[in-house]
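Read through the structure below, which is laid out as structure tokens, and then see the notes.
The values are calculated or read from the model by the stated rules, or taken from the named source; none is laboratory data. Remember, it's a predicted structure, so these values are computed and weren't measured experimentally. Here the Cβ positions follow ideal geometry from the backbone for every residue, glycine too, while neighbour counts run over all protein chains shown. Please note that ligands, DNA and RNA were not included when accessible areas were found on the heavy atoms of the full protein model with its side chains. Shrake-Rupley method; radii C 1.70, N 1.55, O 1.52, S 1.80 Å.
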Amino acid sequence: MCIRDRYANSSRAAFVCSDTHGFHSVLGLESDEYFYLNIAENAMIPLKHLSGMHITSLCFGLSSSLVKTNEILLGDSGGGIYLYGIERDEKLGIVEEAPKKVFQLTSNEAIRGIVFKLYEERKGTIMVATDEVLYQFAGELPFERLFEKHHGDSECKKTVAKGRLNKAELSVCHTCKNKIFELDSFAWKTGEGIIHGTLKANTERRLITMPYPKGNMEIPKFIVTSEEYTFVAYPNMLCVIAKESQQVVHSEEYGYAESLKCGVYDASTKCLWVSTGKKVLYMACLLYTSPSPRDLSTSRMPSSACKKKKI
């Protein structure tokens with residue numbers, strides 16, 4: 001869906017987040033303005049209840065319908081976590097639920113990423129990332145009960161990065177089987193490197209730290225993770241790292257006029273979409289040269305694997 005609206009030029013976009021079905025999207029601007037997009041409409045609707053809040057991360061919770069989002073988790077610049085909801089009404093437009101604060105990090109640090117994973121019918125895990133700490137809250141739903149169980153972040157599981165990074169990043173990977181999307185794994189961009197972990201049920205959550213391809217002296221602009229690869233983007237280079245071998249299996253250089261801005265991985269087509277300074281999207285197809293069954297430690301991505309496609 002292509003959106004053109006008078007609000008689009010008011011400020012730069014800070015983030016955009018969609019539910020797994022693609023029914024609902026929330027766009028946040030650097031001016032602390034927020035807008036709602038529904039797949040059934042070609043318009044952006046201002047979210048008045050969020051105006052003035054400094055939201056730094058957003059996560060859609062339980063499965064949504066076409067007209068209702070269910071609960072949305074919001075993280076702000078002061079370490080606060082809120083519950084929020086949006087419902088589409090044919091007569092009223094949209095009906096917002098007022099944000100309700102359910103938790104506060106004692107560090108008061110900005111929340112750079114928030115992820116929810118449902119493991120059983122009423123049990124799940126919420127991961128919250130700041131610039132140097134990754135928090136894991138686990139328990140029974142609803143969300144308020146899950147957070148109340150921990151009585152502050154001192155009782156939740158924490159992973160502390162060795163190096164502090166200004167504006168860390170949490171990237172998640174979805175798998176797509178029979179048109180059903182499910183959270184699979186995550187990658188956390190930190191000052192010491194990229195920390196990987198799984199989100200699969202009934203598996204040990206072992207974290208692996210992967211050094212940056214160019215070393216910690218040059219922190220990447222953004223990262224995107226898939227099932228087998230992590231894409232590490234510098235202003236003028238895209239490096240592809242195999243998770244199994246932790247080796248760079250492909251790199252793509254760009255001219256200075258094509259500085260990389262952001263990227264999104266599409267699990268349904270197994271493609272990476274990258275936006276450049278020229279506002280041209282590139283599609284990196286995930287191809288393998290190793291025979292089936294694939295040996296991820298030896299697979300390579302030749303230069304022909306990255307196909308540029310102008311949008």
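When you go through (1) farther than 28 Å from T106 by Cα; (2) assigned to a strand (DSSP E or B) one by one for K91, which number turns out not to apply? Among (1) farther than 28 Å from T106 by Cα; (2) assigned to a strand (DSSP E or B), the lone unmet condition for K91 is (2).
Name the residues in the stretch 166-179 that are more than 15 Å from D266 (Cβ to Cβ) and without any contact (Cβ under 8 Å) to a residue 40 or more places away in the chain, would you? Across the stretch 166-179, the qualifying residues are N166, N178.
Is it fair to say L105 is crowded, with 19+ Cβ neighbours inside 10 Å, over 23 Å from H24 (Cα atoms) and touching a Lys or Arg at 6+ places or on another chain (Cβ under 8 Å)?
no
Cβ separations smaller than 6 Å between residues 6+ apart or across chains give the following pairs from the stretch 87-106 residues that are farther than 23 Å from M44 by Cα to residues that are hydrophobic (A, V, I, L, M, F, W, C) and open to solvent by less than 70 Å² (accessible area, probe 1.4 Å): K100/L83; V102/I81; V102/L83; V102/F147; F103/I81; F103/F147. If the condition is being over 23 Å from L207 (Cβ atoms), acidic (D, E) and at pLDDT 90 or above, then the stretch 111-145 contributes E140, E144. Do we find a residue being of a type outside the set (K, R), within 21 Å of K101 (Cβ to Cβ), open to solvent by 40 Å² or more (accessible area, probe 1.4 Å) and within 18 Å of the chain's Cα centre (by Cα) anywhere in the stretch 37-50? The answer is no; no qualifying residue exists.
Conditions tested, residue by residue: (1) open to solvent by less than 50 Å² (accessible area, probe 1.4 Å); (2) in contact with a Pro (Cβ under 7 Å, 6 or more places away or on another chain); (3) in a loop (DSSP other than H, G, I, E, B).
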| site | (1), (2), (3) |
| --- | --- |
| E109 | yes, no, yes |
| Y119 | no, no, no |
| F137 | yes, no, no |
| R145 | no, no, no |
| G163 | yes, no, yes |
| S171 | yes, no, no |
| D184 | yes, no, no |
| A187 | yes, no, no |
| G197 | yes, no, no |
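Scanning the stretch 204-247 for residues that are open to solvent by 20 Å² or more (accessible area, probe 1.4 Å), in contact with a Pro (Cβ under 9 Å, 6 or more places away or on another chain) and at pLDDT 90 or above gives a single hit, K221.
Yes or no: K167 of a type outside the set (F, W, Y), in a loop (DSSP other than H, G, I, E, B) and closer than 29 Å to A14 by Cα? Yes.
The residues of the stretch 108-142 that are among the basic types (K, R) and either touching a Lys or Arg at 6+ places or on another chain (Cβ under 7 Å) or more than 15 Å from V172 (Cα to Cα) (or both), listed by number, are R112, R122, K123.
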